[in-house]
1. Show the residue pairs that are 6+ apart or on different chains and have beta-carbon atoms under 7 Å apart, the first residue being within region 187-198 and touching a residue at least 60 places away in the same chain (Cβ under 8 Å), the second being among the small types (Gly, Ala, Ser) and exposed (fewer than 15 other Cβ atoms within 10 Å of the Cβ).
2. With the requirement that a residue be in a loop (DSSP other than H, G, I, E, B) and not small (Gly, Ala, Ser), what does region 264-280 give you?
3. So the check is Cβ under 6 Å with 6+ separation or different chains; which pairs have a first residue in region 223-245 that's in contact (Cβ under 8 Å) with a residue 12 or more places away in the chain and a second one that's open to solvent by 50 Å² or more (accessible area, probe 1.4 Å) and β-branched (Val, Ile, Thr)?
4. Which residues, taken from region 203-223, are closer than 21 Å to residue 283 by Cα and either open to solvent by less than 20 Å² (accessible area, probe 1.4 Å) or part of a strand (DSSP E or B) (or both)?
5. For region 237-259, which residues satisfy the criterion of being closer than 28 Å to residue 58 by Cα and open to solvent by 60 Å² or more (accessible area, probe 1.4 Å)?
6. Kindly list the number of the only condition in (1) open to solvent by 10 Å² or more (accessible area, probe 1.4 Å); (2) within 13 Å of the chain's Cα centre (by Cα) that fails for residue 232.
7. Inside region 138-163, can you point out the residues that are surrounded by 23 or more Cβ atoms within 10 Å (Cβ to Cβ), more than 15 Å from the chain's Cα centre (by Cα) and assigned to a helix (DSSP H, G or I)?
Amino acid sequence: MQVRILADSACDLPKSFYDENHVTLFPLKVEINGKEYEDVKTIAPHTVYEAIRTGIVPKTSQVSPHLFEEIFTEMAEKNEDGIYIAFSSELSGTYSTAVMILEQVKEKYPDFNLTIVDTKCASLGFGLVVKEAAALALKSVGKEKILEDVLFRSQHMEHLFTVEDLDYLAKGGRVSKASAFLGGLLNIKPILNVEDGKLVPIEKIRGKKKVMRRIIEIMKERGANMEDQVIGISQADCEETTLEMKSMIEEEFHPKEVFITSIGSTVGSHTGAGTIAIFFLNEIPSSN
């Protein structure tokens, strides 16, 4: 029996991905002007970016516990094996809620074989982990092998972000060391990465072009066997910069593919428009 892959919407993969790859979607929620939406299902990222531009601060919340219970119970009754690949527990309570609901379901179905993985990843860094797991599941690879790949990619995924305005992240408490980078200095662009599941600023550079060149340098320093990788880019309403970044990556590294998505409504609520993020592995699985 094929292993069922489940993921939440903070992996920033498009709706078509879930349908085409038989991945179960758990949408996080976004609230704008008192109206609640389901990420991916009932709201598009552009709506969030436009709201932020008009001064609205969207609120986000985790996946519904009731939905976890419904899907987990359905799987247990069908005796399905699964892996739920989750958004970093440092950025959302979704993982913890899922673990709690799984424990409750297993009281009635003690043999239910579902593993929940805290990726400590975000956006398309998380999405690339899900993408590979789904591909393996479609090839009917066994659960232990898929889980091994998920854990490896989660541990070795590099995230490099640059944002137009760190204030969005600071307001939502998503950046713990932002204070040194705030202050509205002219044309200063921060570069952030993810450390143990948290977004952390690592450098500040004057000017977008210099930031892009520095991202390429950091990729050289941290990446491994880039020509054998799928490199991810997620972007928030900055397509021109994204295509420029894609060209620079292709010219420098000649990867298997550069996979591009929009930063989703949940993550985008905290980063704001103008964010671009690059994802790659600092070590590749031995099977590659």
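1. Final answer for the pair search is 198/176.
2. Across region 264-280, the qualifying residue is only 275.
3. 233/260
4. 215, 216, 218, 219
5. Within region 237-259, 237, 239, 240, 243 qualify.
6. (1)
7. Once the filter is applied, which keeps residues that are surrounded by 23 or more Cβ atoms within 10 Å (Cβ to Cβ), more than 15 Å from the chain's Cα centre (by Cα) and assigned to a helix (DSSP H, G or I), region 138-163 yields only 146.
This table checks each residue for (1) closer than 18 Å to residue 95 by Cα; (2) not hydroxyl-bearing (Ser, Thr, Tyr).
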site: 4; (1), (2): yes, yes
site: 16; (1), (2): no, no
site: 24; (1), (2): yes, no
site: 30; (1), (2): yes, yes
site: 41; (1), (2): no, yes
site: 49; (1), (2): no, no
site: 53; (1), (2): no, yes
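The values are calculated or read from the model by the stated rules, or taken from the named source; none is laboratory data. A quick note: this is a predicted structure, and the numbers were derived from the prediction, not measured. Every residue, glycine among them, receives a Cβ derived from its backbone with ideal geometry; neighbour counts consider all protein chains shown. Heads up: the accessible areas ignore ligands, DNA and RNA and are worked out on the full protein's heavy atoms, side chains in. Shrake-Rupley method; radii C 1.70, N 1.55, O 1.52, S 1.80 Å.
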